[in-house]
Each structure stands twice: as C-alpha cells, then as structure tokens.
Amino acid sequence: MSVVIMRAAFFTLGGLLVVTSLTGDNLSEKARKLHFSSIVVDTHDDTTQLLLDSKFDLGQHHTSGSIDIPRMREGGLGAIFFSIWIPSKVTGPNAVQKALEQIDAVREQVRTHPRDLVLATTAEQVRHARKDGKIAALMGVEGGHMINSDLGVLRKYAGLGARYMTLTHSGNDEWADSSTDKAVHDGLTDFGKDVVLEMNRLGVMVDISHVSDKTFYDALSVSKAPLLASHSSCRALCDAPRNMTDQMMKDLAAKGGVVQINYHVGFLSQEFRNAEKADPKINDAIAQEVTKRCGGDSNEGCLLIEGDRITREYVIKGVLPRVDYTKIIEHIDHAVRVAGIDHVGLGSDFDGANMPYGMEDASMLPKITEALLSKGYSDGDVKKILGENTLRLMTDVERVSKELNARK
C-alpha cells in the first residue's frame with residue numbers, strides 16, 4: 001500500500017498545513033477547496049497496533065499501512081480516533097494492562113509530535129486543533145472486555161482520554177453479545193446496562209459496531225445519549241452481520257446517532273463476501289501466509305497490514321474480486337437515504353482491514369469529497385458527512401454528560 005508522491009503542493013488553509021498530491025488523481029478545484037476547508041473526522045483507525053513498536057514513527061511517511069502524519073496532512077484528515085484494541089480472547093487484568101499500554105502509546109506519539117498532533121476529548125478541542133493547524137488525536141476502546149467487568153476501569157480509560165467504547169468486539173464479553181458470536185446474554189445483561197449509563201455520565205460515546213442486533217436495541221433503549229456506530233456499513237448492500245440493517249440505521253438516527261461507514265472490502269462488497277464464503281480455504285491460506293511473514297509472536301500491526309497486502313495478491317491472481325473505493329460512496333449514499341444526511345460519517349478501519357482500490361491510505365480521502373459532489377451533494381451536506389455530524393454527536397453526548405452530573 002505504498003504511496004508515491006511525484007510532485008506535491010503545500011499551502012495553508014484555516015491555519016492547517018495542507019500537502020496535496022499532484023499525481024494522476026487530480027481533484028477538481030471545487031472539491032479541493034471544499035475538502036481542505038472541512039474538518040474531516042475518522043472515527044476508527046487501528047494504527048495504534050503499529051505505535052506499540054518503538055521503532056515506528058508516526059511523523060515519517062511510510063510505504064506500508066494507511067496512516068502517518070504526512071499522509072494525514074496530504075488527505076486533509078483533521079481528527080482521528082485511534083482504536084485501543086485487544087482480541088476478545090484476551091481478558092482479565094492482562095487485557096486491561098494491554099489497553100493501558102496502547103493508550104500510553106497514543107499519548108506518547110502526541111507528546112513526540114507537538115507541532116502536528118494534539119490530544120482531544122471534546123468537539124470544541126477538535127475545532128481548536130483545526131484553528132491551530134494541528135491534527136486532533138482521539139481514542140476509542142474497541143471491546144468492552146477490556147474493562148474486566150469493572151466500572152472503575154471504564155472511568156480510568158475515560159480519564160486518560162478515551163471517548164468511545166465499543167460494547168463488544170468479535171466475541172461476546174461478560175455482559176454483552178457480539179454480532180459474530182453465539183448469543184449467550186440475550187443482548188445486554190443488567191451490568192451491561194449499567195455500563196451504558198456510566199458511559200453516558202462520563203461523556204463516553206456508546207459504540208454499537210460489532211454488537212448483536214439485540215445488544216444494539218438494548219443499548220438504544222437504555223442510553224440517555226445518542227449512539228455511535230464507529231465503523232459499520234449497510235447490510236442491505238453487503239449482508240455481513242457487522243453491518244447495520246436499514247431499520248437499525250433509522251432507529252439509530254431517530255435518537256440522534258451517527259453510522260460511520262467502514263471501508264473494509266468484506267463489508268462493502270457482497271461479491272467479495274460471496275467469494276470468501278464459497279471457498280473457506282482462502283482465508284485459512286491468507287492467515288497461514290500472514291503468520292509466515294510476520295512470525296507467530298509478532299506485533300498485531302504486522303498481522304493486520306500483511307493481511308491486507310496478501311488479500312490484494314489474491315485479487316491480482318483472480319482468486320478474489322477487486323473492490324473499488326466507489327463502493328464506499330454507495331454505502332454512504334444508501335445510509336444517507338435511509339438514516340438522513342445528519343446521521344452518516346466516516347469510520348475507515350484503516351490499518352485494521354482490507355482497503356478497496358483507490359482508498360489505500362489517508363492521502364486518498366479527498367476522493368470521497370469529489371465523488372459526493374459528483375453525485376449532487378451540496379457543500380454543506382458533504383461537510384456533514386466528512387466530520388460535522390460526528391462533532392455534533394460528540395457535542396450531544398457531552399451535553400448529556402453535563403446534565404447527568406448536574407443532577408448529583
């Protein structure tokens with residue numbers, strides 16, 4: 001996933017240093033101005049796994065992966081949620097410790113790159129970062145198993161800057177059912193409902209990506225604040241349990257929530273998903289090759305990036321179908337028609353999933369603006385999708401938190 005910058009233009013817009021590629025994928029002037037005058041927010045990036053390697057410098061332009069400061073600048077990314085993620089099978093105190101290590105790694109990158117990054121926990125801080133020409137670094141905990149069934153741990157994460165928590169990851173945790181595991185709780189347990197309410201009080205967004213449909217509706221019913229789907233796409237277009245049904249998106253929107261479209265090819269393309277299901281040996285072969293290249297005890301970052309690279313090799317061989325970035329636009333457009341223009345955003349899953357052709361890294365984000373304009377979206381509506389809807393959601397969650405704390 002290397003990006004070759006043949007020529008580049010450097011300019012400032014609203015105090016933000018912008019680096020734009022002048023290669024073959026030129027933007028229209030209208031799209032360029034609109035994109036780089038917008039606050040672009042990405043609510044889900046797994047780059048944190050790379051940050052655990054002390055040799056990895058976010059400030060350097062890399063030839064692998066999807067996120068680094070130069071490419072975020074080039075793509076006009078103004079705010080990024082770094083995912084704090086531990087596999088569901090890792091539980092207990094070990095999961096808590098590993099989560100804290102990842103939070104520390106994110107904060108250390110901010111400390112190391114003060115000219116480019118600033119830690120943010122509120123919508124207003126994101127806007128201030130923009131005015132100061134910096135990229136806002138935020139954090140989201142991807143999996144409720146990392147609190148070890150302890151609200152005190154949840155409070156600790158919030159105190160360190162985490163501003164959303166995904167209630168489950170790929171497996172059930174002790175108090176909530178996942179979309180990709182056999183249900184054992186019938187949604188949220190009583191403790192799970194307490195978790196949601198404490199998140200409301202703390203101003204931590206309740207993220208329902210990865211959860212079962214029943215868990216989603218339980219959270220929707222319990223939560224005093226609107227919900228976030230940090231990286232989910234549309235089940236009507238690709239029948240993956242990780243995606244949201246039209247009714248779920250409507251119900252999420254009715255309570256003020258936002259669905260952030262995921263760029264993973266297996267959530268965008270039914271054709272790709274069908275090809276994987278038709279031959280289960282493909283994923284086994286990819287997993288074996290990933291382990292071979294990375295080694296059995298390698299950093300998860302290597303496993304994630306090599307998985308994307310090897311999947312592309314299978315596409316080149318014709319074993320898996322090619323998926324283009326225009327599928328992202330199809331899912332955005334569908335979500336807007338179903339949920340409304342105020343309830344759709346971007347949650348790429350960069351560095352944690354298989355990216356479509358044309359959206360290999362953050363430098364390519366302006367293509368989304370170009371494509372939406374081409375479909376007839378207004379400037380204001382594009383700005384909403386790029387980030388304003390997410391900032392509005394954050395503001396609403398912060399308001400609910402203040403109200404709940406004022407009652408005590």
When every residue in the stretch 210-231 that is of a type in the set (D, E, K, R) and outside any loop (DSSP other than H, G, I, E, B) is compared, the one most open to solvent (accessible area, probe 1.4 Å) is Lys214
Gly257 fails exactly one of (1) open to solvent by less than 20 Å² (accessible area, probe 1.4 Å); (2) within 30 Å of Phe56 (Cβ to Cβ), namely (2)
Helices (runs of 4 or more DSSP H) within the stretch 340-408 that include 2 or more residues surrounded by fewer than 17 Cβ atoms within 10 Å (Cβ to Cβ)
379-383, 389-406
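Counting only residues that are outside any loop (DSSP other than H, G, I, E, B) and either in contact (Cβ under 8 Å) with a residue 60 or more places away in the chain or not aliphatic (A, V, I, L, M) (or both), how many does the stretch 315-335 have?
Let us first name the residues in the stretch 315-335 that are outside any loop (DSSP other than H, G, I, E, B), namely 315-316, 324, 326-335.
Next, from what is left, pick out any that are either in contact (Cβ under 8 Å) with a residue 60 or more places away in the chain or not aliphatic (A, V, I, L, M) (or both): 324, 326-328, 330-335.
Of the residues in the stretch 315-335, 10 are outside any loop (DSSP other than H, G, I, E, B) and either in contact (Cβ under 8 Å) with a residue 60 or more places away in the chain or not aliphatic (A, V, I, L, M) (or both).
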Among the residues of the stretch 89-97, are any under 27 Å from Glu360 (Cα atoms), in a helix (DSSP H, G or I), of a type in the set (S, T, N, Q) and open to solvent by 10 Å² or more (accessible area, probe 1.4 Å)?
no
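What residue, of Thr180, Thr168, is open to solvent by less than 20 Å² (accessible area, probe 1.4 Å), of a type outside the set (D, E, K, R), in contact (Cβ under 8 Å) with a residue 12 or more places away in the chain and part of a loop (DSSP other than H, G, I, E, B)? Spell out how you get there, then give the answer.
Details: Thr180 fails: open to solvent by less than 20 Å² (accessible area, probe 1.4 Å).
Exactly one residue qualifies, and that residue is Thr168.
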Going by what's in this entry, would Val118 be described as surrounded by 17 or more Cβ atoms within 10 Å (Cβ to Cβ), closer than 30 Å to Asp177 by Cα and free of Cβ contacts under 8 Å to residues at least 60 places away in the same chain?
no
Which residue out of Glu313, Glu330, Glu289 is under 16 Å from Asn243 (Cβ atoms) and either of a type in the set (D, E, K, R) or in contact with a Phe, Trp or Tyr (Cβ under 6 Å, 6 or more places away or on another chain) (or both)?
Glu330
By residue number, the members of the stretch 269-314 that are within 27 Å of Ile332 (Cβ to Cβ) and in contact (Cβ under 8 Å) with a residue 40 or more places away in the chain are Ser269, Glu271, Phe272, Ala275, Glu276, Leu304, Ile305, Gly307, Asp308, Arg309, Thr311, Arg312
Unique match (being more than 30 Å from Asn200 (Cβ to Cβ), at pLDDT 95 or above and among the acidic types (Asp, Glu)) among Glu271, Glu289
Glu271
Could you tell me whether any residue of the stretch 217-231 is over 22 Å from Val397 (Cα atoms), hydrophobic (A, V, I, L, M, F, W, C) and out of contact with any Phe, Trp or Tyr (no Cβ under 7 Å at 6 or more places or on another chain)?
no
From the options Gln109, Gln49, Gln102, Gln60, residue that is polar (S, T, N, Q), on the phi < 0 side of the Ramachandran plot and open to solvent by 50 Å² or more (accessible area, probe 1.4 Å):
Gln60
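One line per residue, one yes/no per condition, for (1) modelled with pLDDT of 95 or more; (2) hydroxyl-bearing (Ser, Thr, Tyr); (3) surrounded by fewer than 17 Cβ atoms within 10 Å (Cβ to Cβ):
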| residue | (1), (2), (3) |
| --- | --- |
| Thr189 | yes, yes, no |
| Ile208 | yes, no, no |
| Ser233 | yes, yes, no |
| Asp239 | yes, no, yes |
| Met248 | yes, no, no |
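The values are calculated or read from the model by the stated rules, or taken from the named source; none is laboratory data. Since the model is a prediction, treat every value here as computed from it, not as a measurement. Note that each Cβ is placed from the backbone with ideal geometry, even for glycine, and that neighbours are counted across all protein chains shown. Ligands, DNA and RNA are stripped out before the accessible areas are found, and what is left, the full protein with its side chains, is counted by its heavy atoms. Shrake-Rupley method; radii C 1.70, N 1.55, O 1.52, S 1.80 Å.
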